[in-house]
Amino acid sequence: MKCQFIARYQMPSNTTVCIPLFGETVPAGFPSPAQDYVERSLDLNELCIQHPAATYFVRAQGDSMQGAGIFDGDILVVDRSLKARHEDIVIACLDNEFTVKQLQTRPRMRLAPMNRQFPVIEIQEESTLEIFGVVSTVIHQLRR
């Protein structure tokens, strides 16, 4: 799965869009009677962006990360201030090629796709690997 850089996040000045957040959950199984109760409002910037100065967006391309819920065309919110840990989904540059994969640090360093149709990328000693941030949120549109 490749990445296409979209933009660095810039917090709009004095612009907040608050959307109603319902206090009730929505079952993914059988439906239940709806409750007309708005608990509070929700700002998607607050929900998706923890560190605005270190956040950027990229568009995912390909299907190697479907098992992580990342599909072709999804927007990834990437936080460069987070230190990548074992099993984080990261934006990596391996030998001058960008990709989004799961970082595995144990038992050895490698980049793992979340789709069995793609091979795990073993990091060789002569390889150049740079982590460009941790994917913190996936924006997946259901209707395109």
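The values are calculated or read from the model by the stated rules, or taken from the named source; none is laboratory data. What you see is a predicted model, and the numbers here were worked out from it, not measured in a lab. All Cβ positions, even for glycine, are placed from backbone atoms using ideal geometry, and neighbour counts span all protein chains on display. Areas reflect the complete protein model, heavy atoms only, side chains present, ligands, DNA and RNA absent. Shrake-Rupley method; radii C 1.70, N 1.55, O 1.52, S 1.80 Å.
A few remarks follow.
- Here is the list for region 29-124: chymotrypsin sites (Phe, Trp or Tyr not before Pro) lying in DSSP coil, each with at most 12 other C-beta atoms within 10 angstrom of its C-beta, are Tyr37.
- Within the shell of other residues whose beta carbon sits under 15 angstrom from the beta carbon of Gly62, the net charge comes to 0, with Lys and Arg scored +1 and Asp and Glu -1.
- Asp88 long-range amide H proximity, modeled H, under 5 Å: Leu103
- Take region 79-140 with all the other protein chains still there, run a 1.4 Å probe, and you get 65 Å² of accessible area per residue.
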